[in-house]
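The values are calculated or read from the model by the stated rules, or taken from the named source; none is laboratory data. In this text, all values refer to a predicted model and were calculated from it rather than measured experimentally. All Cβ positions, even for glycine, are placed from backbone atoms using ideal geometry, and neighbour counts span all protein chains on display. To get the accessible areas, we keep the full protein, side chains included, count just its heavy atoms, and leave off ligands, DNA and RNA. Shrake-Rupley method; radii C 1.70, N 1.55, O 1.52, S 1.80 Å.
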Amino acid sequence: MPKRTKILKKSSKVRLSSNPKMAKLTLGKEAYDFPIVVGTEMEKAIDISSLRLKTGYTTLDNGYANTGSCKSAITFIDGEKGVLRYRGIPVGQLAENSTFVETAYLLIYGKLPKKHQFEEFSKKFTIHAMIHEDMKNFFNGYPAWGHPMGILSAMVCSLSAYYPELEASEPKQREMGTIAVELISKVRTIAAFSYKKKIGEPFIYPRADLKFIPNFLNMMFSSSNTEYVIEDDVVEALQTLFILHADHEQNCGTSTVRMVGSSMANLFASVSAGICALWGPLHGGANQKVTEMLEKIHRSGGDVKKFIKKVKDRDSNTRLMGFGHRVYKNYDPRARIIKKRVDVLLKRLGIHDPLLEIAIKLEEAALKDDFFVSRKLYPNVDFYSGIIYNAIGIPVDMAPVMFAMARMPGWIAQWMEMRNSEVLRINRPRQVYIGEIKRDYVPMGKRK
Ligand code: CMC
């Protein structure tokens, strides 16, 4: 450990002062007041925006676990109680009654649409579904084994070259609704085209007579000589998954979108970065890893206890993928809904998936085990979603792409909120430097 690193212990403390609107920080003999900010759901935060100016100190918060990066009116999560709401509406109600397109409208405009607004909004998805024909050439440059998240991210960033008029550095809500639809709709087409390229089939173009999810399924699974039969059960299952993935406040991907957008980078560049962040196995890439984990357990005989033992052995460096969450310290409400959806879909399609049995056994074993119970590790959104994708025929490496497609409305709403915010500042965290202290350059021949 470098000599200069010190941890101040007893000389500093933060406590709530007798004034309920202020928190008092004592550093040695000095005391400083900082405002307390209370959200509409009574969440409390200490506003430390003036901390460095007043005290010369910064904060250190690894992984930003205690840091509120913004005020937001989009999504509310109570991780202790397992609550998730978009614009105040419980996600369970939306999953039960809404559609992905209506939920996208809700996230972007902040309210549910009236009938004519919804119709106008939906129509735009058809109008803007095509990507510039020249962009099709990009797909030829990727090898068949290229991961579709890398392709999606590059293609979304490339949209900025083809649609510079949409770069909109001064977003206005009305224009942004159309830009949002363009992006969501084009991402769906890009995702389906990347799959077609991978399997070596000609692209299937979006159709004007199909709604959002059926259109996607048709582009994925129809071919020049066979028409894919779109089943309502499949559409409903995807509808549920898309609604549940549509936003999740300031997670790694969304914070990345805001971070990039805070430099006034355009929406496409910001979302492209969000796709890369989401790709990671600790985040949206976990759905792919869950399926791979279940397949591995299945191939080696299905011994769930042996796998749980391995996860508990810290030297094995193995995690139970699809379990645990930074914010939920209770069952992820999305996982509960998805688990029910899996049952319904598999029964209706008459599919017996041995991976589902393994997943259920893993969940039962983990929820009885003190290792998981004491750490409050429950199934998250990624634990059961892969089983739905498998049942539909969506390949395992496309699972994070499905997540990214569904997350578009949330990212766009968050980007817009950030850019319209009164306190728009470039996001620029500080650090505590722990490297070498000043030393002189030594010419090469004299170095020891
Ligand atoms: N399996 C085994 N142990 C775990 C797991 C897991 N899935 N998750 C957390 N832990 C342990 C961790 O080792 C640590 O133990 P200890 O205190 O003994 O060191 C403790 O639980 C706290 O974990 P953490 O890593 O400090 O928690 P975090 O808030 O930094 O990480 C997480 C959250 C989601 C990255 C983590 O739970 C994880 O890696 N889960 C598996 C990957 C996964 O399913 N990710 C999807 C998350 S939901 C979708 C999304 O992000 O969008």
Report summary line: Here the gain from full extension of R326 to K296, 0.36 nm per residue of separation minus their alpha-carbon distance, amounts to 8.2 nm
Query raised in the report: Can you tell me the Rg and Dmax of the stretch 208-351, counting just the alpha carbons, in angstroms?
Result: 18.7, 55
Query - Heavy-atom accessible area per residue - the stretch 245-322, 1.4 Å, Å² - result: 45
Requested in this report: Ignoring everything but the protein chains, give the 1.4 Å probe accessible area of K289 in square angstrom, nearest 10.
Outcome: 80
Report task. Averaged over every viewing direction, what's the projected area of the C-alpha convex hull for the chain? Give it in nm², one decimal, please. Result -> 28.3
Report task. Please determine, in degrees from 0 to 90 and to the nearest 10, the orientation of helix 286-299 with respect to the longest principal axis defined by the Cα atoms of the chain, where the helix direction is its Cα long axis. Result -> 70
**Report entry** Per-pair calculated FRET efficiency, R0 = 56 Å: R447 and I127 via Cβ, rounded to 0.05
**Finding:** 0.30
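Hey, what number do you get for the chain at 222 nm if only DSSP H runs of n ≥ 4 count, each worth -39500 (n - 2.57), divided across all residues, to the nearest 500?
After summing the helix terms and dividing by residue count, I get -15500 deg cm²/dmol.
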Report task. For the chain, find the longest principal axis of its Cα atoms and tell me its angle to the long axis of helix 252-261, 0 to 90°, nearest 10. Result -> 80
Requested in this report: Subtracting the Cα-Cα distance from 0.36 nm times the residue separation, let me have the gained length for D370 to L112 in nm, one decimal.
Outcome: 88.6 nm
**Report entry** Relative contact order computed over the chain (Cα-Cα under 8 Å; 6+ residues apart), in percent
**Finding:** 19
Query raised in the report: Sequence-distant or interchain residues sharing an amide H contact under 5 Å with A23, placed H: which?
Result: S17, F34, I36
Query - Globularity ratio of the stretch 345-401, using Cα Rg and 2.2 N^0.38 Å - result: 1.30
Query raised in the report: Once you list every other residue whose beta carbon is under 13 Å from the beta carbon of S224, what net charge do they have if Lys and Arg are +1 and Asp and Glu are -1?
Result: -1
Report task. Find how much the distance from L51 to I434 grows on full extension, using 0.36 nm per residue of separation minus their present alpha carbon separation; answer in nm with one decimal. Result -> 135.8 nm
Query raised in the report: At each listed q (0.11, 0.12, 0.15 Å⁻¹), what is the log10 of I(q)/I(0) that the Debye formula gives for the stretch 159-292 modelled as equal alpha-carbon point scatterers?
Result: -0.49, -0.59, -0.92
**Report entry** For the stretch 286-392: span of alpha carbons on each principal axis (Å, largest first)
**Finding:** 40, 32, 22
Report summary line: Taking only Cα atoms of the stretch 69-163, the Rg to Rh ratio with Kirkwood Rh works out at 1.09
**Report entry** Max mean-square fluctuation residue, GNM over the chain, Cα-Cα springs under 10 Å, options V38, V260, V342
**Finding:** V38
Query raised in the report: Pairing the Cα long axis of helix 333-349 with the longest principal axis of the chain, what angle in degrees results, from 0 to 90 and rounded to the nearest 10?
Result: 20
Requested in this report: Calculate the length of the line joining the C-alpha centroid of the stretch 191-254 to that of the stretch 261-321, in whole Å.
Outcome: 22
